[in-house]
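Take a look at the structure set out below.
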Amino acid sequence: MSEQLEMDELAYSSRMLDWAPLGKLLLVMALLIVGLCTDSIVVPLITFTIGIILMAYSTNMRIPTILALGIAEAIVIMVIGSGMISIMGNESEPALWDGQLLWFKVHMTVTSFNKAWLIFFRAVAGVTLMLSFASSTPIPHLAQSLRSLRCPKELVELIVLIYRYAFLLLERFLVMLDAAQCRLGYNGPMTAIKSYGGAMAGTFIFSMELAEKSEASLACRNYQGYLPIYRLPRSMSWKWVVFTFALAAVLLYIGWETVGLIDMEHIFAPYFGW
């Protein structure tokens, strides 16, 4: 089964499929904004828990391979980014760790260490919340919701077409990588670089050819600039607005009352001898 079919099957089999797409989007965006507006680590931990619960309820944690790879890549980027923030502290503050790491000057302070963990938890919470939305909202429902928000129809259809054809390009790229591997295309660093370069160049050429063929195919099917939806998703009710703003207000209050409650420096101090 292709990655696109896996994603579509995941969304259409979700327990949250009948939830209003705009309601889910409003809830996710409100939780993300609340997490950015507070300096307490407790709030990102709560939003992360909510995201995990929604994902478990929506899909029973069945994650397609392409989505798992995306999550792993995002976590690696988060770890690297948070690590860089932690070692770039204010030099006027006392240092937990001061020295040289490769070509970076390290000056880790209590403030920078705690800030790095706060940003990491915010990022992880954001990923889980957005995945809970993406894994329960088919792309036609999202397109219809964007139209109801008066988004430009050209932008909406561009999102739909990119989603549909990006998986075709990904599949072609993976086929080229498999073909190179069968021909010992990764026998050495330079050979691997050339193989990846050839696969990317071939994928780019294929994308141009696919664009021309797709344009002709859509024109033959009387494509008018939009893809019709015959079963409209549920509209957002006032209950979504009340629940979302009430939850956001509670989390904001918790964030204000728990600033500094969790000190990551105190947690790790016994292990590093700070």
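Here are a few things to note about the model shown:
- Residue ranges 231-237, 207-213 sort as 231-237, 207-213 when ordered by packing (mean number of other C-beta atoms within 10 Å per residue, highest first).
- The residues of region 152-234 present an accessible area of 76 Å² per residue when probed at 1.4 Å with all protein chains retained.
- Net charge, Met200 excluded, C-beta distance under 12 Å - Lys, Arg +1, Asp, Glu -1: +2
- Note on the chain: helix-only mean residue ellipticity at 222 nm, from DSSP H runs of 4+ residues weighted -39500 (n - 2.57) and normalised by residue number, equals -24000 deg cm²/dmol.
- Rounded to the nearest 20, the size of the Cβ-charge dipole of region 68-176 about its Cα centre is 420 debye, with Lys and Arg at +1 and Asp and Glu at -1.
- Ranking by accessible area, most exposed first, for Leu27, Leu158, Leu32 with a 1.4 Å probe: Leu158, Leu32, Leu27
- Distance between the pseudo-spin-label points of Ile80 and Lys105 (7 Å out from Cα toward the beta carbon): 2.3 nm.
- Candidates Val241, Val127, Val43, ranked by Gaussian network fluctuation over the chain, Cα under 10 Å, top entry: Val241
- When the chain is treated as a GNM with alpha-carbon contacts under 10 Å, the residue of Asn60, Asn222, Asn114 showing the greatest mean-square fluctuation is Asn222.
- Surface composition of region 151-274: carbon and sulfur atoms hold 67% of the protein heavy-atom accessible area at a 1.4 Å probe.
- Of the DSSP H helices in the chain, those that are both long (alpha-carbon extent of 18 Å or more along the helix axis) and hydrophobic (Kyte-Doolittle mean at least -1.0) are 21-37, 42-59, 65-86, 110-134, 153-182, 189-220, 238-257.
- Within the assembled protein chains, the solvent-accessible surface assigned to Ile205 is about 100 Å², based on a 1.4 Å probe.
- Comparing Leu218, Leu155, Leu45 in a Gaussian network model of the chain (Cα springs below 10 Å), the most mobile by mean-square fluctuation is Leu218.
- Solvent exposure, largest accessible area first (probe 1.4 Å, DNA, RNA and ligands not counted), of Asp263, Asp18: Asp18, Asp263
- For the chain, averaging the sequence separation of C-alpha pairs within contact (under 8 Å, six or more residues apart) and dividing by the residue count gives a relative contact order of 33 percent.
The values are calculated or read from the model by the stated rules, or taken from the named source; none is laboratory data. Predicted model, so just to flag it, every value in this text is computed and none were measured. Ideal geometry is used to build each Cβ from the backbone, glycine not excepted, and the neighbour counts take in all protein chains shown. The accessibility values were calculated without ligands, DNA or RNA, using every heavy atom of the protein model including side chains. Shrake-Rupley method; radii C 1.70, N 1.55, O 1.52, S 1.80 Å.
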